[in-house]
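The values are calculated or read from the model by the stated rules, or taken from the named source; none is laboratory data. Only a predicted model underlies this, so the values are computations on that prediction, with no experimental measurement involved. As a convention, Cβ positions derive from the backbone with ideal geometry for all residues, glycine included, and neighbour counts pool all protein chains shown. Side chains are part of the model used for accessible areas, which takes the heavy atoms of the whole protein and leaves out ligands, DNA and RNA. Shrake-Rupley method; radii C 1.70, N 1.55, O 1.52, S 1.80 Å.
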Amino acid sequence: MNVYEGSLVATGLKAAVVVARFNSLITEQLLEGAADALRRHGVKDADVDVFRCPGTFELPALLRRVAASGRYDMAIALGAVIRGGTPHFEYVAAETTKGVAQVSMEAGCAVAMGILTCDTMEQALERAGVKAGNKGAEAAAAAIEQANVLREAGKLPPARRVE
Ligand code: INI
């Protein structure tokens, strides 16, 4: 049995972090968590580029452009969608998730989703470093692992045919 998996060693890797400004109280905390995780896993600060967009809805388009640049081993999307009194939450959350998924399938690099979808600001704060970890840091670790396993998968030689 041959098992391929990505390590969490990120020395030499380049990362793009795409952050929504909307609910910046939360998203800036996610960014701090992601930046800290990237640093702790060996990514140099100079190899991390941060891109900001207006809201979570705009994340996939910027993520796509950034991922398509070919400059990065990973692209991490950070946003916070918090339920209000209207169905807007549903639309933003659903379309963004689909958009990020589409980018991840097309991108030549690892794509990770650190987008909170919460009922309340309190829930979001908990997931942005207060009580339930930091989803930005988790997304960064996932991006590193995925970047490394994608690289392993990209090195696979074609199967030899026995005829
Ligand atoms: N954007 C968010 O990032 N989070 C939200 O909770 C949110 N809500 O609920 O409205 C939100 N809306 C803005 C949206 O992302 C777009 O920026 C806006 O619709 C302009 O296209």
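Which of the residues that make up region 111-140 are assigned to a helix (DSSP H, G or I) and surrounded by fewer than 20 Cβ atoms within 10 Å (Cβ to Cβ)?
121, 122, 123, 125, 126, 138 - these are the residues of region 111-140 that are assigned to a helix (DSSP H, G or I) and surrounded by fewer than 20 Cβ atoms within 10 Å (Cβ to Cβ).
Six or more apart or on different chains, Cβ atoms under 6 Å: show the pairs whose first residue is in region 44-58 and closer than 14 Å to residue 78 by Cβ and whose second is among the small types (Gly, Ala, Ser) and assigned to a strand (DSSP E or B).
Going by the 6 Å Cβ cut-off, the qualifying pairs are 48/15; 49/16; 53/20; 55/20; 56/20; 56/79.
Which residue pairs have Cβ atoms closer than 7 Å, lie 6 or more positions apart in sequence or on different chains, and pair a first residue in region 20-40 that is touching a residue at least 40 places away in the same chain (Cβ under 8 Å) with a second residue that is more than 16 Å from the ligand (Cβ to nearest atom) and open to solvent by less than 10 Å² (accessible area, probe 1.4 Å)?
34/140; 37/140; 38/10; 38/15; 38/140
Checking the condition modelled with pLDDT under 95 and more than 22 Å from residue 128 (Cβ to Cβ), which residue from 91, 72 passes?
91
Within region 1-32, how many residues are away from the ligand (no atom under 13 Å from the Cβ) and out of contact with any Lys or Arg (no Cβ under 7 Å at 6 or more places or on another chain)?
Summing the residues that are away from the ligand (no atom under 13 Å from the Cβ) and out of contact with any Lys or Arg (no Cβ under 7 Å at 6 or more places or on another chain) in region 1-32 gives 19.
Evaluate the following for residue 96: is it surrounded by fewer than 20 Cβ atoms within 10 Å (Cβ to Cβ) and not basic (Lys, Arg)?
No; evaluated as a whole, the condition is false for this residue.
Across region 88-116, what is the number of residues that are near the ligand (Cβ under 10 Å from one of its atoms) and farther than 23 Å from residue 38 by Cβ?
Total meeting the criteria: 7.
Residue by residue through region 14-50, note down the ones that are in contact with a Phe, Trp or Tyr (Cβ under 7 Å, 6 or more places away or on another chain) and of a type in the set (Gly, Ala, Ser).
Within region 14-50, 15, 16 qualify.
Looking at (1) over 17 Å from residue 30 (Cα atoms); (2) in a helix (DSSP H, G or I); (3) in contact with a Gly (Cβ under 8 Å, 6 or more places away or on another chain), which is the only condition residue 108 fails?
Of (1) over 17 Å from residue 30 (Cα atoms); (2) in a helix (DSSP H, G or I); (3) in contact with a Gly (Cβ under 8 Å, 6 or more places away or on another chain), only one is false for residue 108: (2).
With within 25 Å of residue 123 (Cα to Cα), touching a helix residue (DSSP H, G or I) at 6+ places or on another chain (Cβ under 9 Å) and either at pLDDT below 95 or among the small types (Gly, Ala, Ser) (or both) as the only criterion, which of 33, 6, 42 stands out?
Among 33, 6, 42, only 33 is within 25 Å of residue 123 (Cα to Cα), touching a helix residue (DSSP H, G or I) at 6+ places or on another chain (Cβ under 9 Å) and either at pLDDT below 95 or among the small types (Gly, Ala, Ser) (or both).
What number goes with the only condition from (1) away from the ligand (no atom under 13 Å from the Cβ); (2) closer than 30 Å to residue 155 by Cα; (3) surrounded by 15 or more Cβ atoms within 10 Å (Cβ to Cβ) that residue 77 does not pass?
Condition not satisfied by residue 77: (1).
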